[in-house]
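Heads up: the structure comes next, in structure tokens.
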Amino acid sequence: MRNILPEIEKVCSMLVQKKLIYGKYDEVGVVLFGTPDTNNELTTEVGGYEHVVVLRHIKVVDGDLVEALQQLPQGTVAGDFLDAIVVGMDMLIKKFGPTNKGKKRLCLITSAVCPVKDPYEGTKEDQVNTIAAQLTAHGMKMDCIVFRGKEIGEQNRRIMEENDLLLNIFSKKSSSKAVYVESPTSLLGALRTRNISPVTIYRGDLEISSKIKIKVWVYKKTSEEKFPTLKKYSDKAPPTDKFASHAIKVDYEYKSVEDPSKVVPPEQRIKGYQYGPQVVPISSAEWDAVKFKPEKSAKLLGFTDTSNIMRHYYMKDVNIFIAEPGNTKAILAVSALARAMKDMNKVAIMRCIWRQGQGNVVVGVLTPNISEKDNVPDSFYFNVLPFAEDVREFQFPSFGNFPSSWQPSEQQQEAADNLVKMLDLAPAGKEEALQPDFTPNPVLERFYRHLEMKSKHPDAAVPPLDETLKKITEPDPELLTQTKSVIDEFRRRFELKENLKLKKSTRQTLREKPSGSREEGEDSDARAVKSIEYKSSVKVEKIGDLTPVQDFEAMITCRDSPEWVNRAIQDMKNKIFDLVENSFEGDTYHKAVECLVALRKSCIVEQEPKQFNDFLRYLCRFCLEKDLKSFREFLASNEIMLISKTEAVDSEVTEDEARSFMVKTESKPEQGL
């Protein structure tokens with residue numbers, strides 16, 4: 001345990017730091033075992049319990065305890081964790097007696113590689129059973145964190161197995177939980193530094209039909225942990241006032257625009273909602289009448305295949321449905337339903353209103369959770385599903401439609417496969433890295449440490465990121481070294497190019513250059529690429545006359561609905577045709593070609609070559625019929641061609657046909673003479 005003592009100091013001090021924020025009236029005591037000295041009351045009273053030291057008796061948490069835990073002494077003898085548990089229990093019993101049942105907690109951190117002494121009577125198992133019974137009788141819970149590094153030798157294997165058996169008895173016979181970790185990062189996340197009491201968000205019937213109802217309770221399974229609320233603090237109170245709260249009270253006054261000196265009372269104020277150019281006032285009584293007021297319920301709507309519910313549909317925190325505790329019929333009904341759904345690979349769709357008067361209805365998916373323990377009943381996980389308004393549709397061309405030259409080769413695919421295998425976070429025979437249950441939020445952990453430092457040194461600078469936390473936010477250097485050859489092979493198989501960002505947006509470039517102007521050596525495709533990078537922050541619903549290319553690009557990148565791409569292409573076709581048809585001596589030809597180039601590029605990206613090719617043929621036929629020779633020449637000079645198969649696999653035009661299209665078009669009038 002010596003080499004991991006700094007990590008234990010971090011996790012224990014972090015426990016107290018969080019209590020100073022969230023539970024400043026909690027009381028904590030510290031017991032060390034495996035020390036050369038002995039200092040505990042049981043040794044004096046009954047004898048035994050050697051090499052166990054009470055570092056601090058149970059009292060309210062404070063900054064001194066944090067400092068004590070940051071400087072733990074190193075042990076020099078073998079430690080008996082059973083003795084330490086008994087000493088800790090004795091401290092809790094003497095301090096609280098029969099009160100505070102369920103709120104008394106022991107936390108054991110050990111490597112469990114030292115032998116446990118034989119008892120004076122009976123076996124070690126009998127001794128553990130007796131201790132577990134006392135834990136239950138006094139309403140105590142215990143968390144056991146067993147930290148074992150990679151250096152554990154085979155000579156300790158028998159002792160470890162025996163100790164694991166004893167810890168397992170605690171888990172079965174009392175409210176205890178044993179967790180095994182191998183890395184400092186997992187140790188940091190294994191200790192629950194902030195216990196949140198479970199509170200039901202729903203108690204009632206799970207309605208399968210009007211005649212079948214199961215009593216259930218619903219709890220939150222996961223919920224995002226946020227920063228503690230920072231309060232406003234006033235230093236205006238007299239320094240001698242020990243009872244000053246230093247709180248700040250904020251009051252708001254609403255004043256009339258016509259008479260700024262007049263305060264508008266609450267009864268003369270009303271909320272308004274923007275509706276077009278006007279503001280519609282709605283009183284609180286009207287708003288209350290408009291609100292949807294469903295009855296509290298959890299109703300089954302039906303079942304569907306598990307494959308029909310995609311993982312990305314899950315929206316919010318996860319809830320867990322359990323049968324009403326102590327209700328045997330409800331437990332059997334939930335278990336039967338969950339196992340039937342599991343066997344048939346089905347999930348249930350639910351409509352839930354968690355409390356009376358709730359203004360919104362939740363529709364979600366109920367997934368069976370079959371328990372692996374005999375003493376834990378089956379349950380369900382509940383995830384909220386989106387409504388149509390919540391879904392964001394983003395259309396992307398399929399990789400399968402790209403030409404074979406754009407597909408990965410066998411060597412490239414093999415290099416990618418090896419990279420994924422070598423960077424596996426859960427290799428066989430090793431602890432899985434970054435498990436959610438054991439990985440703390442590095443941002444929160446750093447905040448707590450800095451807050452503790454600021455409490456002692458107000459002018460302290462922000463310290464660098466701790467090495468243990470750095471392993472969460474950065475790749476493991478040891479793993480990268482081991483896989484260097486695989487990473488280098490992946491690099492060789494793929495051509496890596498720097499993605500240069502444009503310094504100016506397309507809109508700025510168009511302002512600086514006249515319409516239709518081109519830089520030296522820049523072809524139409526290059527201009528289209530630059531043009532396609534324009535992104536509009538304002539939703540555009542129609543292509544205007546001032547900036548048609550930019551409006552089209554804003555529309556084509558909008559993915560609010562599947563029809564949006566086709567609508568943008570059709571609007572652009574109409575705009576180009578209007579520019580050509582209504583041109584006066586070719587004054588709008590430059591803008592028409594710019595629009596045509598942007599349309600061509602987007603049709604390639606969106607895999608819509610037929611729409612562009614049909615439109616270009618129609619446009620050329622129109623020019624022939626109206627004798628717009630100048631525009632045909634302008635198209636030829638800009639090398640506007642049909643989209644070929646090499647550019648889009650869905651195209652029916654070969655490259656030769658695309659290149660000869662303008663030549664054929666120009667020759668038609670001569671053939672007609």
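The values are calculated or read from the model by the stated rules, or taken from the named source; none is laboratory data. Keep in mind that what you see is a predicted model, and the values were worked out from it rather than measured. Reconstructed Cβ throughout: ideal geometry from the backbone, glycine too, with neighbour counts over all protein chains shown. Surface accessibility is based on the protein's heavy atoms, side chains included, excluding ligands, DNA and RNA. Shrake-Rupley method; radii C 1.70, N 1.55, O 1.52, S 1.80 Å.
With a cut-off of 13 Å between beta carbons, the residues surrounding Asp424 carry a summed charge of -2, where Lys and Arg count +1 and Asp and Glu -1. Each 10 Å bin from 0 upward holds the following percent of the Cα-Cα pairs of the range 401-479: 14, 28, 22, 18, 11, 5, 1.
Peptide packing for 229-236, 626-633, 335-342 was compared via the average number of neighbouring C-beta atoms within 10 Å per residue; ordered from the highest value, the list is 335-342, 626-633, 229-236. Under 17 Å from the 7 Å Cα→Cβ point of Asn345, by amide nitrogen: which residues of the range 366-384? In the range 366-384, the label zone of Asn345 (backbone N under 17 Å from the point 7 Å along Cα→Cβ) covers 367-368.
Projecting label points 7 angstrom from Cα along Cα→Cβ for Arg105 and Glu224 puts them 2.4 nm apart. The portion of the accessible surface of the range 439-483 made up by carbon and sulfur, rounded to a whole percent, is 61 (1.4 Å probe; DNA, RNA and ligands excluded). At an R0 of 56 angstrom, the distance between the Cβ atoms of Ala237 and Tyr618 translates into a FRET efficiency of 0.10.
Quick one: Debye curve from the alpha-carbon atoms of the range 542-646 only, equal weights, vacuum; give me log10 I(q)/I(0) at q = 0.17 Å⁻¹ to two decimals. Calculated log10 I(q)/I(0) at the listed q: -0.76. Residue separation of Tyr254 and Gln134 scaled by 0.36 nm, minus their Cα-Cα distance, works out to 36.9 nm of gained length.
Considering only protein heavy atoms and a 1.4 Å probe, what is the carbon-and-sulfur percentage of the accessible area of the range 17-92?
Values: 1760 of 3690 Å².
Taking all protein chains in place, the range 17-92 shows 48 percent carbon and sulfur surface.
Taking 1.002 mPa s as the viscosity and 20 °C as the temperature, the Stokes-Einstein diffusion coefficient of the range 38-143 based on its alpha-carbon Kirkwood radius rounds to 141 µm²/s. What separates the Cα centres of the range 423-469 and the range 194-237 is a distance of 26 Å. Placing R0 at 41 angstrom, the Cβ-Cβ distance between Leu332 and Phe447 gives a FRET efficiency of 0.30 after rounding to 0.05. Entry note, the chain: relative contact order of 8 percent, from Cα contacts under 8 Å with a spacing of 6+ residues.
For the range 246-252, 3J(HN,Hα) computed residue by residue from phi via the Karplus equation (6.51, -1.76, 1.60; θ = phi - 60°) reads 6, 7, 10, 9, 10, 10, 10 Hz, glycine and proline entered as x.
Extension gain, Glu652 to Thr306: 0.36 nm times the residue separation minus the Cα-Cα distance gives 120.6 nm. Using a probe of 1.4 angstrom and keeping all protein chains present, the accessible surface of the chain works out to 63 square angstrom per residue. In summary, the lysines within cross-link reach of Lys626, defined as a Cα separation below 29 angstrom excluding same-chain residues under 8 places away, comprise Lys542, Lys573, Lys575, Lys591, Lys601, Lys610, Lys664, Lys668. Okay, which of the range 96-137 sit inside 16 Å, backbone N to the point 7 Å along the Cα-Cβ direction of Tyr180? The answer is 110-114, whose backbone nitrogens lie closer than 16 Å to the label point. Over the residues of the chain, the helix contribution to mean residue ellipticity at 222 nm works out to -12000 deg cm²/dmol, using -39500 (n - 2.57) for each DSSP H run of at least 4. Using only Cα atoms, locate the centre of the range 346-407 and the centre of the range 86-148, then give the distance between them in Å, rounded to an integer. Using only Cα atoms to place each centre, the spacing works out to 42 Å. Report the normalised scattering of the chain as log10 I(q)/I(0) at q = 0.06 Å⁻¹, calculated by the Debye formula with identical scatterers on the alpha carbons. Here log10 of I(q) over I(0) equals -0.63. The length gained by stretching the chain between Ile159 and Gln435 to full extension, at 0.36 nm per residue less their Cα-Cα distance, is 96.6 nm.
With both labels modelled 7 Å from their Cα along Cα-to-Cβ, the Thr44 to Gln411 distance reads 7.9 nm. Taking label points 7 Å from Cα along the Cα-to-Cβ direction, Thr76 and Asp459 give a separation of 4.1 nm. Compute the label zone of Ile212 within the range 380-402: residues whose backbone N is under 16 Å from the point 7 Å along Cα-to-Cβ. The answer is none. So which of Lys173/Lys226; Lys103/Lys213; Lys103/Lys299; Lys430/Lys471 end up more than 27 Å apart by C-alpha? Where the Cα-Cα span goes over 27 Å, the pairs concerned are Lys173/Lys226; Lys103/Lys213; Lys103/Lys299.
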